[in-house]
Amino acid sequence: MEEREGELRWDGLCSRDAATRAAALDTIGQAVLRRSETIAPVAAVPPARAADGLLVPTARDGLSEVLARLLMLSKRCPFSDVREKSEAILNEVQELGIRIPRPLGHGPSRFIPEKETIQVGSEDAVMHTLFADSFAALGRLDNVTLVMVFHPQYLESFLKTQHYLLQMDGPLPLHYRHYIGIMAAARHQCSYLVNLHVNDFLHVGGDPKWLNGLENAPQKLQNLGELNKMLAHRPWLITKEHIEQLLKTEENSWSLAELIHAVVLLTHYHSLASFTFGCGISPEIDCEGGHTFRPPSVSNYCICDITNGYHGVEEIQASPTAAIPSTESVCEVEALMEKMKQLQECRDEEEASQEEMATRFEREKRESMFVCSSEDEESAPARDVSRHFEDTSYGYKDFSRHGMHVPTFRAQDYSWEDHGYSLVNRLYPDVGQLLDEKFHIAYNLTYNTMAMHKDVDTSMLRRAIWNYIHCMFGIRYDDYDYGEINQLLDRSFKVYIKTVVCTPEKTTKRMYDSFWRQFEHSEKVHVNLLLVEARMQAELLYALRAITRYMT
């Protein structure tokens, strides 16, 4: 049928011109109602009806996906005319006797109460511009954006970089870019990102057969599987030989520029998977697990919803730490501020020798190997996405377990600022600049607050978080005293950091709730921005160093 979801033109809704949007909405509305009217008479057949007498649309009649998309637009479009008209179309469909979907879950994050996130339609002018830009570029306002907007300056840089990587001129064709995003997200079983990029891959003309498994994709992309695997889990193992294999494979070889583009995409999506799990990002309203055609039950959720990805139970059973602030958690903030003050005073009084600094790094690196969660609580259920990558048993491994030793990577010998930045910019113009800006914004972002305290210099704490992540990857800064990390980051915080960075799919709401109990959700999202960028930079450093060694 002409009006099937895949053939409806939604592009006009992204226009900043109200008349263009209105024309697109009229066309969509007419097509949806025509389609609804053709199946509505079938509602007379009893088995096709739900208990309340409404016909439940199916994938076969081509209406369920369209209605889910209209539901998403009615809740998540930054343009009020689109929100209102989408809701009106849904109501007209319902009046024809057809069940319309409703959202599952509560807001863009399972970890953050919806009332504490920015509501679409109530954003200020700066945020509205960001939302409109995002919607114009992607055709959606996704949940990642709705959580990142706690920090508009960072979000603007993030969206600009992602748009350049996926949609602007570059060495790789568009469908390759989305397929590489799928490969990267699948390494962490991140069905949220996989779902988004499957849709985008098909939208730009990607071959649906490739989605049946990596073995159905071109050999050139299959060859990238090994690098994807190592970057995601053990980037310290990447050598110039791995790079040579990709560049020298005759008919399926990569050019240097293509490889840089692929490496940046892989690291971008590995770290974005960390953010997705670290902030408990909910499924998109129009994706699997984001909506249901079942009527709400008395208690607002039913067991079928839970199996479909709605985590109402988890949200209803409020975390013990999320209730009234305890004296203990208030003291936690005061104690952290006092430690920062003492460390600053010690810095001013004496400086440790280079040998002592090196010893402290090795000790912290060794200790980070044994930071692990004792939780057996299950993280969010995810659709199996293993077909998008090979070797499902290959995961994060600590450096020194099983007698394995990995040499320390000295940042002074190969750094982003002095080496990586210029290599990326030379082979993929402007991307080095965009990444550099994003790294700097995340690292330097501050509102000079800590929980309820204002006018606080948080630079020491931000540096400790960034350097702890790089320490887990074996990267050492000669001028940093790693003794500060144990002073500033307690065990529950270290467990959260290590899980989100190394095995993000194992992150749970309890882990999120258990660190920094008195801090704002925006501050915990800020922590996740540091984790995302520090992880991405660490992966990039290992890959770019190997490429540099190959080139020399």
At 7 Å along Cα-to-Cβ for each site, give me the label-to-label distance between ALA40 and GLU437 in nm.
5.0 nm
For region 231-273, shape from the Cα gyration tensor axes a ≥ b ≥ c, cut at a/c of 1.5 then a/b versus b/c, turns out oblate
For region 67-207, I need the span (max minus min coordinate) of the C-alpha atoms along each principal axis, in Å, sorted largest to smallest.
49, 36, 28
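Extension gain ASP26-ASP418, at 0.36 nm per residue separation less the Cα-Cα distance, in nm?
Numbers: separation 392, 0.36 × 392 = 141.12 nm, distance 5.44 nm.
Roughly 135.7 nm would be gained on extension.
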As straight-line cross-link partners of LYS75, the qualifying lysines (C-alpha separation under 19 Å, not fewer than 8 residues apart within one chain) are LYS85, LYS115
Under the rule of at least 5 residues apart or a separate chain, name every residue whose amide H is placed under 5 Å from the amide H of THR449.
VAL456
Result for region 189-235: accessible area per residue, probe 1.4 angstrom, in square angstrom, of 36 Å²
The lysines whose Cα lies under 22 Å from the Cα of LYS454, excluding any fewer than 8 residues away in the same chain, are LYS339, LYS341, LYS524
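Using a Förster distance of 51 Å, how high is the FRET efficiency between ARG491 and LYS209, based on the Cβ-Cβ distance and rounded to 0.05? Spell out each step's value before the answer.
Values: r = 48 Å, r/R0 = 0.93.
Once rounded, the FRET efficiency stands at 0.60.
Given a 1.4 angstrom probe, what's the average accessible area per residue across region 88-160, in square angstrom?
37 Å²
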Note on region 186-251: alpha-carbon gyration tensor, axes a ≥ b ≥ c; rule is a/c under 1.5 for rounded, else prolate if a/b larger than b/c, else oblate; result oblate
Applying 1/(1 + (r/R0)^6) with R0 = 60 Å to the Cβ-Cβ distance of VAL56 and GLU241, what FRET efficiency is obtained, to the nearest 0.05?
0.60
Point-to-point label distance, SER255-THR129, nm (Cα→Cβ direction, 7 Å offset)
3.6 nm
Projected label distance in nm at GLU226 and MET337, using a 7 Å step from Cα toward the beta-carbon
5.4 nm
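So between GLN167 and ASP457, what do we pick up on full extension, going 0.36 nm a residue minus the alpha carbon distance?
Numbers: separation 290, 0.36 × 290 = 104.40 nm, distance 3.84 nm.
So the extension gain works out to 100.6 nm.
Check each of the GluC sites (Glu not before Pro) in region 194-271 and keep only those in coil by DSSP with at most 14 other C-beta atoms within 10 angstrom; list them in order.
Details: sites: GLU215, GLU226, GLU241, GLU244, GLU250, GLU251, GLU258; in loops: GLU250, GLU251.
Within region 194-271, the qualifying GluC sites (Glu not before Pro) (loop, at most 14 other Cβ atoms within 10 Å) are GLU250, GLU251.
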Could you work out how much longer the chain between ALA88 and GLN219 gets when fully extended? Use 0.36 nm per residue separation minus the Cα distance between them, nm to one decimal.
42.4 nm
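The values are calculated or read from the model by the stated rules, or taken from the named source; none is laboratory data. Everything numeric here is computed off the predicted structure, so don't read it as measured data. Here Cβ is always computed from backbone atoms with ideal geometry, including for glycine, and neighbour counts include all displayed protein chains. Surface areas here come from the heavy atoms of the whole protein model, side chains and all, with no ligands, DNA or RNA. Shrake-Rupley method; radii C 1.70, N 1.55, O 1.52, S 1.80 Å.
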